[in-house]
Each structure stands twice: as C-alpha cells, then as structure tokens.
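Novice: The following block contains the structure, expressed as structure tokens.
No value in this document is a laboratory result; all are computed from the given coordinates. Small disclaimer: the values here were computed from a predicted structure and weren't measured. Because the Cβ atoms are built from the backbone with ideal geometry, glycine has one as well, and the counts that use them run over all protein chains shown.
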There are 2 protein chains.
Amino acid sequence: MRQAGRYLPEYRALRQKYSILQICKTPELACRVTLQPLERFEVDAAIIFADLLLPLEPMGLRFDFQEGEGPVIFNPISAVEDVDRLRPFQPEEDLRFILDAVSRVAAELGDRLPLIGFAGAPFTLASYMIEGGSSRNFEETKKFMYHHPQAWHSLLDFLARHQAAFLRAQVRSGASAVQVFDSWLGALGPEDFRNYVQPHSTAMLREVAAGGVPVIHFATGVGGYLEDFARCGGDVVGLDWRVDLQQARAILRQQAVQGNLDPACLLAPTEELMRQTEAILKQAGTEPGYIFNLGHGILPSTPLENVRAVVELVHAYSIEG
Amino acid sequence: MRQAGRYLPEYRALRQKYSILQICKTPELACRVTLQPLERFEVDAAIIFADLLLPLEPMGLRFDFQEGEGPVIFNPISAVEDVDRLRPFQPEEDLRFILDAVSRVAAELGDRLPLIGFAGAPFTLASYMIEGGSSRNFEETKKFMYHHPQAWHSLLDFLARHQAAFLRAQVRSGASAVQVFDSWLGALGPEDFRNYVQPHSTAMLREVAAGGVPVIHFATGVGGYLEDFARCGGDVVGLDWRVDLQQARAILRQQAVQGNLDPACLLAPTEELMRQTEAILKQAGTEPGYIFNLGHGILPSTPLENVRAVVELVHAYSIEG
C-alpha cells in the first residue's frame, strides 16, 4: 500500500501547495513524499509515490482528482471504438517522470532499503477507464465485458502488455520489487474472474516476472476464489483483511503471503490494535515467506503513534521469531 | 432480495405518487408493491416490500431516503450514551404497518405461494445507525466497536433481541419463511466477525428459529470466512456472487444454500446470462436443499425480459433435475 498520505502532517503541508498530480509528475516532489514515511517509521521498504491512473493520460484518457470524490475520467471508454483508439504508450517516454522518481528514490536509499514499484492490474485499470471513476456496483464495466467480450479482451490484453512494460521499466530504473494492484477485482465472482480476467493477469505477471525481481500480486475481496487468484502468478500474494491468513496458507502453499491488517484497526485503542496485529502475525507464520502489511490503503484519520506501535511490534516479533 | 423495485415500470409509476417510506407505511400500498413482480414473473415465493431501516424510527432514530444518495439518519449514534437512550420497540405496536402488510399479502397469496419476511442483522443495522447512512469504509462503525466494546455489545444485543422479536411477529402475521440480512458484514474480517458479531447473530438466529419457519441467513463479502458465518445458524445460507457455490457446498454440509447470480449479469446479453445461470445451477446441486436467487439486490436498469428468461430457465432446470 502507499505509505505516504494524508495521515502525515508533512504530506498535508505539501498538498497545500501541490495537487496529487503535480507531486506525481515532479520527480523531486514524488521522491520527497516517498521518503516522508521513512523518516518517521522504521519500515522495511519504501513504496514509490504514484497513482494507478497515471498511465491513462498517455493512452488518451484525461482525468483529475476532485476534492472528496476521488478520480474523474473526462472521456471514459463507452464504446468498442474507444478501445481501438487507445494510444500505445512507451513508459520510458510517456511516464518518464515516474521512472525518474524511482531512480531518485533508489539512489537516495542505496543499499539501505528496497524500493517497491507498482502498477494497476488490467481489471482494475479497465474498471476506472470504463466507469469514469470509482464505482459501487461496477455496472458499466460488467456491461461492457458481457456485451463486448472481444473488445474487453483486447482492452485487457493491451493493458496487461503495457502495464507489464511499465513495471519492467520501473525495475530498470531501480525498483527492487514490484506490486500489481487489482484493488477492485472483488467486484467479480469466480466465474467472471476466470473467463474475463485471469488469462490477462496471468500474462502480465509472467511478463513482469521476467524482470527478475520479486512480484507481489494484490487484490481485495477475493476470499471466495483465492486459489484461482493465486494461480495467476506472483512470488507473493497480497490479501485484504477479509481472509484468515492461516486458512489462506492452507491454500497458497507455494507462494509467500502479504497482509492483512484492517486499516481501520489503526483507529483502535493501542491494546486492541496490538492484539489484532499479533493475531495476524501468529496466523501468518513465516513459511514460505511472509510480509506484514495493511490489507488496503491507510486511512487519513490514522494516528501516527499507532503506525509506530505496529511497526515496532512487527519488528520485535520478527526478531523473536 | 427485494423483488419489487425501480426496474418495474409499475413500481416507478407508483413512486411518482408515493415515497418509499409512504409505501412501506401504508399496508395497502406495500401489499400492492409486494405482489407486482408476481404478476409478471412465475417466481416461487413473494418477499414482503419493506426496508431494513424501518425499526430505527421506533428506536428513536429519524431517517429519510435522499434522491440518489440512499438513506440519511439525522441523529446517528455517536456516543455510548446514545446506545443507552435507544427506545425498546414493540413490533406489534411500533411496526404494526409492516405486520399488517404481511397479513394482507399472506391472505392474498393463500396457499398459492409462500411469503418471506425479513429484517436486518445486528451488524448491518448497527452500521447504519452509527455511520448515519451508507458507507465505504465503515470507519465510524469500527471506531465505535473498537473504542466502546461494552456499548457495542449492548447495542448488538439490543438489536438481536428486538429484530428477532420483529421476525417472530412477521411469522405470526403470516410469513412462511424469514430472511436475516447482514448486507454489509463483509466490511469486517474474520477476527472482528468472531469477536464483535458472531455471538449476537447466533443469538438472534436461535431466537428466530423458535418461530418454527425456515430461516435464511444472508450476507455479502464473507467468502473468506464462510464456515464461521454459517455456524451462526439458519436453515439456509444466502450468499453473494463472490463465492463458488460448489466450493461453498464443500464447507456448508448441513445447511441449504441460496444464491448467487451477480445482479449485473441480468444486464448481459441473453446467451451469456443463460450460460452463467446454468453454471450456477450446476455448481449448486440440490442436496441438502438449494434456492436459486440473485447474489444481491436487483439493479434498476435490469431489462424485464432478462428476469423472465432467468425465472424460466431455473424452472425448466428444476423440473428436469
């Protein structure tokens, strides 16, 4: 998950002067924001500050973030022809600013800490491109998928190839691991996942794996079809808090696991927060690999001392374990 | 799920003249709306037209439905004292209008079709009462739960007892089965579910079971902890489309299953809709009991002919099977 965000006063201060997009597009600012959480907390990795939607612009879709409403895409995909009109993008040119931010952060970190790059998975990106923003029921996405399966598959194929290239470019710029975010995949049932998404996520993950760094594959709401999700690939399966990690372990025998504290737990009193963090650490075990993380993005109202307490507990536990 | 709704032109016509609350509070209108889908489709049961939030008013919480925004509760629970101030309600008096609607529909149906009554489960109702409406992250609900566990448990205990009494009253008025809706339960992970919700849902279901009619226990987003959810009770476990019914069957050996077509599938071309409906019927099997249903509420943009096609396919399949 993003480590920087509105819960940090120094991030809010910067946001007084710059928009999210300005920060993302200015490598010096993106680098500074990426490093902010590392100055406060002894986390074990940095994650590049960027946004899932940044590749939309070079594809030809204009968007912006509206106060309190999330992203709005001004010319979403609504017809088959819109898919044909998408511009193939070259990460090295069109998303240079992110790659420059990655290089800057990697240089700052040196051997001290790994840097995680990231990109959206085909389904989640397609859902934004079709809905024109966030969605509750993903009605437009599903209608498009059911009514125009050929255009749907060519859209997801396009996204899988370009997003994989984008991640490979992040690796060449210095990312030492990458995460593929399928944040809204849980809108689909297992049947639709298998028919409309799995081949494309699998292709993307295979291509990304060739980049030679560890790959984390994350989604929310896939507790009902964990096995199918994991089969897409990835060295690490990232999960949200709706699954029991011990049960997940029984299914995911070959892959490491990442997760899965409910971000809302960070709003709990310390005692309850510690109890739940410890419960997760126990459920997760360590074989074949475990990365502690939140189950989704950190909430803006999160108290800093709670983040610190969790980081310390996880470290103490790792040393003991 | 509700059978009547905005996808029906005759319902939209009535909504030109009456608000949702006016329809719910006028037994003659609630009865008429309950019967609307039965005049169009050969469904196997009627479900009373009502709203989960109706018990809020006698408890002392005022609310209304705002156009396009869902429900708004004007005086939500924000402090421990608000829980103490909740008024115990008597379904026979305070929710007489629903019971009268149930009697009317039951009388109209006679032996022709069963009528299903329903009520909200403790968690989902509490989440509305605390959030003051619909929610994305259920931040206020979880904060209340973590910070005031004692008040939380007394709130859920209060709701479990009163909602069970409400369902028992619906049975006495003529409902031949009842459904407990925990629509937003999937906001919680398994650990929080077990600690903060399971005892109350279990108590409610035990009390409802004593009413002597079949009980359906429904939630969305619990694919990651199906076993714990099912252990609360209920003759039938109602599931959303995020789980594979065949896999669910392997876990839920003692209970019947209800579900789970994605409501968005009804927006698909007929061929795809038929394929998916058939896939579900095959996955579900028949032992120990199966009720075909949508995985959540029907979408307003659903074409009538698709509803008809699904009902016909399910019937044809039931006869063959």
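Novice: Give a residue-ordered list of calculated ³J(HN,Hα) values for the range B:34-47 (Karplus: 6.51 cos²θ - 1.76 cosθ + 1.60, θ = phi - 60°; whole Hz; x for Gly, Pro).
Specialist: Listing the rounded values in order: 4, 7, 3, x, 5, 6, 9, 10, 8, 6, 9, 7, 9, 10 Hz.
Novice: Show me, for the range B:301-314, the HN-Hα J-couplings you get by feeding each phi into the Karplus relation (A = 6.51, B = -1.76, C = 1.60, θ = phi - 60°), rounded to Hz, glycine and proline as x.
Specialist: For the range B:301-314, the Karplus-derived couplings read 8, 5, x, 4, 5, 6, 4, 4, 4, 5, 4, 5, 4, 4 Hz, x marking Gly and Pro.
Novice: Using per-residue counts of other Cβ atoms within 10 Å, averaged over each peptide, order A:215-228, B:124-137 from highest down. Write out the running numbers ahead of the final one.
Specialist: Working: A:215-228: 23.8, B:124-137: 20.7.
Highest to lowest by the protection proxy: A:215-228, B:124-137.
Novice: Would you mind telling me which residue in B:97, B:158, B:65 has the biggest mean-square fluctuation in a Gaussian network model of chain B, where springs connect alpha carbons within a distance under 10 angstrom?
Specialist: Among B:97, B:158, B:65, the largest GNM mean-square fluctuation belongs to B:65.
Novice: Charges at C-beta only: +1 for Lys and Arg, -1 for Asp and Glu. How large is the resulting dipole of the protein assembly as shown about its Cα centre, in Debye rounded to 20?
Specialist: 180
Novice: Could you work out the mean count of beta carbons from other protein chains within 10 Å of each residue's beta carbon in A:182-191?
Specialist: 5
Novice: Whose amide H sits under 5 Å from the amide H of residue A:120, counting only residues 5 or more places off or on another chain, with H placed in the peptide plane?
Specialist: Amide H neighbours of residue A:120: A:181.
Novice: Taking a cut-off of 26 Å between Cα atoms, list the lysines near residue B:17, but don't count ones fewer than 8 places away on the same chain.
Specialist: B:25
Novice: Amide H neighbours of residue B:260 under 5 Å, at least 5 residues apart or on other chains, H built in the peptide plane: list them.
Specialist: B:293
Novice: How many nanometers, to one decimal and shortest first, lie between the label point of residue A:308 and those of its other copies, if labels sit 7 Å from Cα toward Cβ?
Specialist: 6.7
Novice: Just rank A:200, B:147, fewest to most, by other beta-carbon atoms within 10 angstrom.
Specialist: B:147, A:200
Novice: At a threshold of 8 angstrom on Cα-Cα distance, excluding pairs fewer than six apart, so keeping six or more, what relative contact order does chain A reach in percent?
Specialist: 16
Novice: A further question on this structure: Restricting the count to DSSP beta bridges whose residues both fall in the protein assembly as shown, what percent are antiparallel, rounded to a multiple of 5?
Specialist: Taking every DSSP beta bridge within the protein assembly as shown, about 20 percent pair in antiparallel fashion.
Novice: Okay, moving on. Restricting the count to DSSP beta bridges whose residues both fall in chain B, what percent are antiparallel, rounded to a multiple of 5?
Specialist: For chain B, the DSSP antiparallel bridge percentage is about 20.
Novice: Now for a different question. Between copies, how far apart are the residue B:60 label points? List them in nm, one decimal, shortest first, with each point 7 Å from Cα toward Cβ, please?
Specialist: 6.1
Novice: Another question, then. Show that you can apply the helix-only estimate: for the protein assembly as shown, add -39,500 (n - 2.57) for every DSSP H stretch of four or more residues, divide by all residues, and state [θ] at 222 nm to the nearest 500.
Specialist: -14500 deg cm²/dmol
Novice: Now, a different point. GNM on chain A, C-alpha springs below 10 Å: top fluctuator among A:307, A:105, A:178?
Specialist: A:307
Novice: Please state the charge dipole magnitude for the range A:80-193, taken about the Cα centre, from unit charges on C-beta atoms (+1 on K and R, -1 on D and E), reported in debye and rounded to the nearest 20.
Specialist: Rounded to the nearest 20 debye, it is 280 debye.
Novice: Considering only chain A, pick the residue with its Cβ nearest the axis of the rotation onto chain B, and state the distance in whole Å.
Specialist: Nearest Cβ to the rotation axis, residue and whole-Å distance: A:223, 2.
Novice: Measuring label to label, 7 Å along Cα→Cβ, what does residue B:41 give against each other copy in nm, shortest first?
Specialist: Between copies, matching label points for residue B:41 lie 4.6 nm apart.
Novice: Name the shape class, rounded, prolate or oblate, that the alpha-carbon gyration tensor gives for the range B:9-238, where a ≥ b ≥ c are the square roots of its eigenvalues, rounded holds for a/c under 1.5, and otherwise prolate holds if a/b is larger than b/c and oblate otherwise.
Specialist: prolate
Novice: Oh, and also: Between the range A:1-20 and the range B:117-144, how many Å separate their Cα centres?
Specialist: Distance between centres, Cα-based: 30 Å.
Novice: Could you tell me the distance between the Cα centroids of the range A:184-255 and the range B:162-191, to the nearest Å?
Specialist: Answer, in whole Å: 34.
Novice: Which of A:203, A:50, A:250 ends up with the largest GNM mean-square fluctuation for chain A, with Cα atoms connected below 10 Å?
Specialist: A:250
Novice: Hey, another quick one. To the nearest 20 debye, what is the magnitude of the charge dipole of the range A:9-238 about its Cα centre, counting +1 on the Cβ of each Lys and Arg and -1 on the Cβ of each Asp and Glu?
Specialist: 240
Novice: List A:253, B:231 from most exposed to least, where exposure is judged by having the fewest other Cβ atoms within 10 Å.
Specialist: Fewest to most other Cβ atoms nearby, the residues stand as A:253, B:231.
Novice: While we're on this one: Exposure proxy check: B:44, A:94 ranked by fewest other beta carbons within 10 Å? Walk me through the numbers before you get to the answer.
Specialist: Details: B:44 13, A:94 18.
Placing the least packed residue first, the sequence is B:44, A:94.
Novice: Can you list residues from other chains, or at least 5 along the same chain, whose modelled amide H is less than 5 Å from the amide H of residue A:75?
Specialist: A:62
Novice: Let me know the mean shielding of A:294-304 by other chains, meaning the per-residue number of their Cβ atoms within 10 Å of its Cβ.
Specialist: For peptide A:294-304, the averaged partner shielding equals 1.
Novice: Please compute the net charge surrounding residue A:122, taking Lys and Arg as +1 and Asp and Glu as -1 over other residues with Cβ under 9 Å from its Cβ.
Specialist: -2
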